[in-house]
1. Can you confirm whether Arg210 is part of a helix (DSSP H, G or I), among the basic types (Lys, Arg) and either closer than 19 Å to Glu392 by Cβ or touching a residue at least 60 places away in the same chain (Cβ under 8 Å) (or both)?
2. Which residue pairs have Cβ atoms closer than 7 Å, lie 6 or more positions apart in sequence or on different chains, and pair a first residue in the range 102-118 that is within 20 Å of Trp411 (Cα to Cα) with a second residue that is open to solvent by less than 10 Å² (accessible area, probe 1.4 Å) and in a loop (DSSP other than H, G, I, E, B)?
3. Search the range 85-121 for residues being of a type in the set (Phe, Trp, Tyr) and open to solvent by 10 Å² or more (accessible area, probe 1.4 Å), and hand back the single one that is farthest from Lys194 (Cα to Cα).
4. Please name all residue pairs, on different chains or six or more residues apart, with Cβ atoms under 7 Å, provided the first residue is in the range 367-390 and is in contact (Cβ under 8 Å) with a residue 24 or more places away in the chain and open to solvent by less than 10 Å² (accessible area, probe 1.4 Å) and the second residue is assigned to a loop (DSSP other than H, G, I, E, B) and of a type in the set (Val, Ile, Thr).
5. Among (1) assigned to a helix (DSSP H, G or I); (2) touching a residue at least 60 places away in the same chain (Cβ under 8 Å); (3) closer than 21 Å to Ser239 by Cβ, which single condition is Thr167 missing?
6. Restricting to the range 271-288, name every residue that is open to solvent by less than 30 Å² (accessible area, probe 1.4 Å) and in a loop (DSSP other than H, G, I, E, B).
Amino acid sequence: MTMASQSDVTTDDGSTTGTLEPESAVETARRQLEHAAELVDIDPNIVERLRYPKKVHEVTVPIERDDGSVEVYTGYRAQHDSVRGPYKGGLRYHPEVTRDECVGLGMWMTWKCAVMDLPFGGAKGGIAVNPKELSTDEKERLTRRFAQEIRDVIGPTVDIPAPDMGTDPQTMAWLMDAYSMQQGETTPGVVTGKPPVVGGSEGRDGAPGRSVAIITREVVEYYDRDVSDTTVAIQGYGSVGANAARLLDEWGADVVAVSDVNGGIYNPDGLDTAAIPSHATEPEAVMQHEAPRTVSNEELLELDVDVLVPAAVGNVLTAENAHDVRADIIVEGANGPTTTIADDIFDQRGIPVVPDILANAGGVTVSYFEWLQDINRRAWSLERVHEELAAEMEAAWDDVRREFDDRDVSWRDAAYIVALSRVAEAHEARGLWP
């Protein structure tokens, strides 16, 4: 994953000059850390420590393919900071997984857990592989071997993986089983995002989308609007986008556009989101749904709507299209959908951007609930999960809103101030050993 960076400035007429250069996830994360550190009174020595991960594990993952051949993949687990509790973060299976991507995403997980005030630190990991090229049996063998390779550095009180891009509840069940077999006892708390039948939590799959909807409702009301009079465009109709769309639809918003990898559909009068299969239910089915107009993913980002939710992949809002975005508010559903320059352009244009570390934090929050259920061996009802999630999201929103109002900063800066202050306070309390 890369972000766009540029040394030249935006001109008075809004155009940009210079050549865009790739910026890795870790470079972006460090840039955001340093920017946030300028806004609060924090010991620079702590900031320096937070620029680096505590550990990065790189492992070789050989598996036997169905045809009898052996293929070798590279896996990573980057552990950024554990001052507030065990490391927490997803595992992704994707061809472009790299060390730096895992480090950068692990840093973001530290901030996400801190802004939600969860007793976790940040981590991220994965395997550089295209899961679509693997059979189910091959994916199982890959997961079990990866679990064995990282077994010594994960655990319910050490580091707790979860699903991410290219992985799912079944992947987590295999990982839990492989870990448990080596431990000699069933250890459901080693991962979250499992199927409920083996210790997973009700409501975990839909939690990131539900949190995006909750934060969208809060920010719309903050700007003295009514959800029932709000138009929304959502790029990405996977778990996050579909769940956010359906909940906002239920609350009376007009979800006028949604998309998948093939493109999107647009109806200015609102779509029947419940009738459109999510990517998990029926992959790439959005374009098969009837609508007055089809749009490309690029065109969807530039529709004239009240709220834009980029919920597909990172780096979709860039210097090239930021001046063409016509939404009044942006709520980040995906991780890192807005590049650094685009963020600056939106700030100049007065378009509020609610960051991913707050908006889509429902996933890690319900993962925390799942971890508690596993430790206590007591399952929660879906109703309780939804109630607890709403309470946690509203509390986090209040904390961020308070900084936003008091300091006259962007929503992203406000969220980072909350997160960094909590992490720094924990470091101050614990000190440096030895």
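1. Values: part of a helix (DSSP H, G or I): yes; among the basic types (Lys, Arg): yes; either closer than 19 Å to Glu392 by Cβ or touching a residue at least 60 places away in the same chain (Cβ under 8 Å) (or both): yes.
Yes.
2. Lys112/Ala361; Cys113/Phe120; Val115/Ala361; Met116/Ala361
3. First pass over the range 85-121, keeping only residues of a type in the set (Phe, Trp, Tyr): 87, 93, 108, 111, 120.
Subset that is open to solvent by 10 Å² or more (accessible area, probe 1.4 Å): 87, 108.
Numbers: Tyr87: 18, Trp108: 22 Å.
Among residues in the range 85-121 that are of a type in the set (Phe, Trp, Tyr) and open to solvent by 10 Å² or more (accessible area, probe 1.4 Å), the one farthest from Lys194 (Cα to Cα) is Trp108.
4. Qualifying pairs under 7 Å: Ser367/Thr192; Glu370/Thr192.
5. Failed condition: (1).
6. Kept after step one, since they are open to solvent by less than 30 Å² (accessible area, probe 1.4 Å), are these residues of the range 271-288: 271, 273, 276, 278, 285-286.
Matches in the range 271-288: Leu271, Ile276, Ser278, Ala285.
Okay, residues lined up against (1) under 15 Å from the mean Cα position of the chain (by Cα); (2) in contact (Cβ under 8 Å) with a residue 60 or more places away in the chain:
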site	(1), (2)
Asn315	yes, yes
His323	no, yes
Gly350	no, no
Val364	yes, yes
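Per-residue answers, yes or no, for (1) open to solvent by 50 Å² or more (accessible area, probe 1.4 Å); (2) modelled with pLDDT under 95; (3) at positive phi:
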position	(1), (2), (3)
Glu34	yes, yes, no
Val40	no, yes, no
Val56	no, no, no
Val59	no, no, no
Asp66	yes, no, no
Tyr73	no, no, no
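The values are calculated or read from the model by the stated rules, or taken from the named source; none is laboratory data. Because the structure is predicted, anything quoted here is derived from the model rather than measured. When we count neighbours, we look across all protein chains shown, and the Cβ atoms used for this are built from the backbone with ideal geometry, even at glycine. Heads up: the accessible areas ignore ligands, DNA and RNA and are worked out on the full protein's heavy atoms, side chains in. Shrake-Rupley method; radii C 1.70, N 1.55, O 1.52, S 1.80 Å.
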